[in-house]
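The structure appears below as structure tokens.
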Amino acid sequence: MVGPQSVPEPFKMPFPHASEALSRFTVLDLTRVRSGPTCVRQLADWGANVVKIDALTEDAGGEQPGGPRQGSDFQNLHRNKRAMTLNLKDERGLAVFKRLAAKADVVVENFRPDVKKKLGIDYDSLAKINPRIVYGSISGFGQDGPYHKRPGFDQIAQGMGGLMSITGAPGQGPMRVGIPVADLTAGLFCAMGILTALLEREVSGKGQWVQTSLLQAQIFMLDFQAARWLMEKEVAKQ
């Protein structure tokens, strides 16, 4: 665990970004696996100062979710970021994180909705110490509702969101897409929401909680097929 005395001050990354448009913003990245890292990757590519917070695990030699750190997938998802390790279940680690959050512009997470509240790092808790914080959340099925505590995975969202029923050849059964489209689009939507919230903050001076989910993103991606059902009651086929 990094102690309070060693909390790094934000500084520019030593290599060029695709853009420097977000260079004045500091982002704390609590995300893992794919949808959340996709969101933060966009912000990092556009010049944001990103600090990835790695969770401290009991097995110090174990890999973080997302595969080996030097692997192609991890490097793809976490480019343009710096990292530090904190145990958020320890009061000292939590204190360090809150010190960072007090000065940050954005926090992004994709825990199950109940996890962040148990850790004391939910939006309401952080807004008390930093009213300007923009807090981005990605979940499987939303922050409330009957499925909100369930973990979400791309393939599940593809099925429940209707994509599998219109993908593949007729008569061959539901088929998933060859890329994690629900994860990727949820990440992009969250990044767009965060940018919108930062623009609004310039007027109001206050942050806000931005939310999306894999299921929401996948339903959006049905696009004209969903519109055909809503307006013409036509059920799309494979």
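For Gln155, state whether it is part of a helix (DSSP H, G or I), polar (S, T, N, Q) and surrounded by fewer than 20 Cβ atoms within 10 Å (Cβ to Cβ). Yes, satisfied.
Screening Gly178, Gly168, Gly173, Gly142 for residues that are under 25 Å from Val106 (Cβ atoms) and in a loop (DSSP other than H, G, I, E, B) leaves exactly one candidate, Gly142.
The C-beta contact set for region 110-126 (first residue without any contact (Cβ under 8 Å) to a residue 60 or more places away in the chain and part of a helix (DSSP H, G or I), second residue open to solvent by less than 30 Å² (accessible area, probe 1.4 Å) and among the small types (Gly, Ala, Ser), distance under 6 angstrom, 6+ apart or interchain) comprises Pro113/Ser139; Leu126/Ala101. Whenever a residue of region 214-232 is within 12 Å of Gly159 (Cα to Cα), its partners that are of a type in the set (Phe, Trp, Tyr) and open to solvent by less than 80 Å² (accessible area, probe 1.4 Å), lying with C-beta atoms within less than 9 angstrom and at least six residues away or across chains, give the pairs Leu214/Phe141; Leu215/Phe141. Checked against the criterion of being aliphatic (A, V, I, L, M) and open to solvent by 40 Å² or more (accessible area, probe 1.4 Å), the candidates Ala127, Ala101, Ala95 yield just one match: Ala95.
Taking region 27-50 as the range and being open to solvent by 10 Å² or more (accessible area, probe 1.4 Å) and over 23 Å from Pro113 (Cβ atoms) as the test, the residues that pass are Asp45, Trp46, Asn49.
Assess whether Leu195 counts as being surrounded by 14 or more Cβ atoms within 10 Å (Cβ to Cβ), of a type in the set (A, V, I, L, M, F, W, C) and modelled with pLDDT of 95 or more. Yes, satisfied.
The values are calculated or read from the model by the stated rules, or taken from the named source; none is laboratory data. In this text, all values refer to a predicted model and were calculated from it rather than measured experimentally. Cβ atoms come from the backbone with ideal geometry, glycine included; neighbour counts cover every protein chain shown. SASA here: full protein model, heavy atoms, side chains in, ligands and nucleic acids out. Shrake-Rupley method; radii C 1.70, N 1.55, O 1.52, S 1.80 Å.
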